[in-house]
Every structure is written in structure tokens, then in C-alpha cells.
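What follows is one structure encoded as C-alpha cells, with my remarks underneath.
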Amino acid sequence: MKKKERALAFANVLEKLYPDAICSLEYTDPFQLLCAVQLSAQCTDARVNMVTPALFKAYPDAKSMSKADIKDVEHLIKSCGFYHNKAKNLIECANQLVNDYNNTVPDTMDELLKLAGVGRKTANLVLGDVYNKGGMVIDTHAKRILYRMGLTTKTDPTQVEMETSPLIPTNMQSDFCHRLVLFGRDICTARRAYCENCPANEFCPKKNPKKI
């Protein structure tokens with residue numbers, strides 16, 4: 001089975017397994033998603049979802065966040081870890097949105113990457129979930145699973161993204177990546193791949209090494 005065939009077969013398996021997969025971060029608008037993804041670095045989505053209600057109540061939009069006291073933001077997001085740097089980036093990012101983008105989250109990779117605290121993972125998530133432009137969101141789950149499935153030989157997230165993006169149609173990429181997260185928690189975990197319970201094991205190279 002060729003890589004693209006395996007990728008599409010795997011995408012179909014994930015769609016059947018998780019038909020309603022959505023982003024696990026809770027938000028109401030593009031700005032809130034942008035903030036939530038930044039907070040999720042080295043932190044669980046569950047923890048971020050515990051923190052953001054109070055944060056967004058105090059600072060619901062870019063304009064209010066841009067005027068925030070950094071100590072207050074640090075206090076609100078402390079449990080997410082790396083709170084000094086994250087608070088600094090949230091405020092700086094908000095200022096950029098206010099001053100350079102008319103309070104609007106940009107819709108291109110190049111412009112998103114100009115924002116403080118925004119890397120390719122965050123940009124791809126915004127592009128896919130907000131603007132329906134697709135984007136391979138390469139987190140720890142995606143990197144691990146795509147490697148095990150023989151869809152990439154890379155370990156660097158950007159290289160994984162570049163190698164796997166051509167394998168998944170743009171309109172499927174966002175949902176595919178959300179499903180990878182669930183699959184990585186349930187079946188293909190970091191500690192162990194539960195191949196005996198995996199609906200994709202018939203074409204998985206880990207299960208059938210000769211098919212790589």
C-alpha cells in the first residue's frame with residue numbers, strides 16, 4: 001500500500017471511529033482560540049479549559065487583553081505553566097492584533113506567524129478551525145502516530161507537517177488532526193500502541209512491518 005493510500009485509509013478509519021471530532025479547546029471566537037492554543041503549550045487541553053473562563057471573563061477580546069496588567073494575566077494562567085512567557089506573549093499578541101490587524105485574527109500562515117507566541121501548530125489550528133483552509137496540526141500525538149503509521153520518517157514537527165500535508169486533502173486536514181488526538185489518547189498511546197484493539201492495524205506498518 002502506497003503512503004497516500006494508507007493515509008486515506010487511515011483517515012477513513014478515524015472518521016468512522018470519531019465522527020464528531022472537534023477541537024477539545026473551548027472558545028467562542030478566533031481570538032479566544034488563538035489564546036487557548038498558546039496556553040496549551042506543554043499543558044493539557046483540560047487544564048487550559050479550566051483556566052480560560054476566568055481569563056476571557058476578564059479579557060474577552062484583543063482590545064481588553066492589550067491593556068491587561070501582566071501580573072494579573074500571570075495569576076490567571078499560572079496553572080498552565082510557563083506563565084511568565086505566556087502572559088507576555090498574550091498581551092503582545094493582543095497589541096499586534098489591535099494595532100496591525102484592526103482587532104482581527106489574520107487568515108494566512110505568514111501573517112499569523114508574525115504574532116507573538118504563534119508557531120506553525122497554532123497557525124494551522126486557526127487556519128483549519130476558523131477559516132476552513134486546512135492545516136496539519138502536529139502535536140505530540142500527531143507526530144507519534146504519523147510516524148508509527150509510516151506516513152513520515154521525520155520527527156521534527158515542521159518536517160512532519162511538510163511530509164504529511166500532501167497525503168491528506170486540505171478539506172480533511174483539520175478533522176483528521178482532531179481525530180489523531182483522540183486516537184492517540186485511546187489506542188495509539190505514547191506508552192504503548194494497543195494494536196490488538198486498533199481498527200487500522202491491517203495496514204499499519206507497526207503491526208505489519210513488511211508493508212512499510
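Does the stretch 26-39 contain any residue that is among the small types (Gly, Ala, Ser), at pLDDT 95 or above and over 18 Å from residue 142 (Cα atoms)? Within the stretch 26-39 (the criterion being among the small types (Gly, Ala, Ser), at pLDDT 95 or above and over 18 Å from residue 142 (Cα atoms)), the answer is yes, since at least one residue qualifies. Picking from 176, 183, which residue would you name as being touching a residue at least 60 places away in the same chain (Cβ under 8 Å), under 16 Å from residue 3 (Cβ atoms), assigned to a helix (DSSP H, G or I) and touching a Leu at 6+ places or on another chain (Cβ under 7 Å)? Matching residue, one of 176, 183: 176. Of the residues 160, 105, the single one that is closer than 20 Å to residue 8 by Cβ, of a type in the set (Val, Ile, Thr) and surrounded by 14 or more Cβ atoms within 10 Å (Cβ to Cβ) is 160. Scanning the stretch 52-73 for residues that are surrounded by fewer than 19 Cβ atoms within 10 Å (Cβ to Cβ) and under 23 Å from the mean Cα position of the chain (by Cα) turns up 53, 54, 60, 61.
In contact with a Lys or Arg (Cβ under 6 Å, 6 or more places away or on another chain), of a type in the set (A, V, I, L, M) and in the same structural domain as residue 38 (by TED's automatic domain parsing): does that describe residue 98? Spelling it out, residue 98 is indeed in contact with a Lys or Arg (Cβ under 6 Å, 6 or more places away or on another chain), of a type in the set (A, V, I, L, M) and in the same structural domain as residue 38 (by TED's automatic domain parsing). Checking each residue in the stretch 135-157 for being more than 15 Å from the chain's Cα centre (by Cα) and surrounded by 16 or more Cβ atoms within 10 Å (Cβ to Cβ) picks out 147, 148, 149, 150, 151, 152, 154. Within the stretch 24-53, the residues that satisfy the criterion of being in contact with a Lys or Arg (Cβ under 8 Å, 6 or more places away or on another chain) and of a type in the set (A, V, I, L, M, F, W, C) are 37, 39, 41. The lone criterion from (1) at pLDDT 95 or above; (2) assigned to a helix (DSSP H, G or I); (3) more than 21 Å from residue 22 (Cα to Cα); (4) of a type in the set (D, E, K, R) left unmet by residue 161 is number (3). Any chance the stretch 165-187 includes a residue that's touching a Lys or Arg at 6+ places or on another chain (Cβ under 6 Å), more than 24 Å from residue 45 (Cα to Cα) and buried (at least 21 other Cβ atoms within 10 Å of the Cβ)? Within the stretch 165-187, one or more residues are touching a Lys or Arg at 6+ places or on another chain (Cβ under 6 Å), more than 24 Å from residue 45 (Cα to Cα) and buried (at least 21 other Cβ atoms within 10 Å of the Cβ).
Please go through the stretch 68-78 and pick out each residue that is in a helix (DSSP H, G or I) and either closer than 17 Å to residue 36 by Cβ or among the basic types (Lys, Arg) (or both).
First, pick out the residues of the stretch 68-78 that are in a helix (DSSP H, G or I): 70-78.
Those that are in a helix (DSSP H, G or I) and either closer than 17 Å to residue 36 by Cβ or among the basic types (Lys, Arg) (or both): 71, 73, 74, 76, 77, 78.
Restricting attention to the stretch 7-60, the residues being part of a helix (DSSP H, G or I), among the polar types (S, T, N, Q) and in contact (Cβ under 8 Å) with a residue 40 or more places away in the chain number 1.
Counting just the residues of the stretch 79-124 that are charged (D, E, K, R) and in a loop (DSSP other than H, G, I, E, B), which one comes out farthest from the chain's Cα centre (by Cα)?
First, pick out the residues of the stretch 79-124 that are charged (D, E, K, R): 86, 88, 92, 100, 107, 110-111, 114, 120-121.
Those left that are additionally in a loop (DSSP other than H, G, I, E, B): 107, 114.
Working: 107: 16, 114: 18 Å.
The selected residue is 114.
The values are calculated or read from the model by the stated rules, or taken from the named source; none is laboratory data. Remember, it's a predicted structure, so these values are computed and weren't measured experimentally. All Cβ positions, glycine included, derive from the backbone under ideal geometry; neighbour counts span all protein chains shown.
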